[in-house]
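So the structure is just underneath, and the comments pick up after that.
The values are calculated or read from the model by the stated rules, or taken from the named source; none is laboratory data. Quick caveat: nothing in here was measured; it's all calculated off a predicted structure. Counting neighbours? That spans all protein chains shown, and the Cβs are built from the backbone with ideal geometry, glycine included. Remember, those area values only see protein heavy atoms, side chains included, never the ligands or the DNA or RNA. Shrake-Rupley method; radii C 1.70, N 1.55, O 1.52, S 1.80 Å.
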Amino acid sequence: MFFAGSVKHIDIPGSVIEYTVELNGGPSVIVVVPVTDRSESIGGPKGPVAVFGSIIDKPSSDVPGYIGKAPQVVYAKKLIPLE
């Protein structure tokens, strides 16, 4: 799937980064990105981003390293800053 939104929150549950991305109109999507370079990734993009990824219905069992509580996430390799 592909969408754009604004990063509203960043968390690190396990060995991945969890972004809360707010879509235009208010709903939010949880996006999980693997940590590749902790020093660069933790700061990550803020503000408007584009996301290209896959919907994962059981991330706690299907995304290696994810220990968050979201029932569904979008798994992406990285977020693309739009600014």
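Label zone of Asp11 (point 7 Å out along Cα→Cβ, amide N under 18 Å): in the stretch 58-79 this covers 58-76.
Mean sequence separation of contacting Cα pairs (under 8 Å, at least six apart), scaled by the length of the chain, corresponds to a relative contact order of 33 percent.
Computed from label points 7 Å out along Cα-Cβ, the spacing between Ala4 and Glu22 is 1.7 nm.
Computed about the Cα centre, the dipole magnitude for the chain is approximately 40 debye when only Lys and Arg (+1) and Asp and Glu (-1) carry charge, each at its Cβ.
What the chain shows is 59 Å² of accessible area per residue, with the surface traced by a 1.4 Å probe over protein heavy atoms. A straight Cα-to-Cα reach below 24 Å connects Lys58 with the lysines Lys8, Lys69, Lys77, Lys78, residues fewer than 8 places away in its own chain not being considered.
Ignoring ligands, DNA and RNA, please state the percent of accessible area on the chain from carbon and sulfur, probe 1.4 Å.
Values: 2750 of 4930 Å².
C and S atoms contribute 56 percent here.
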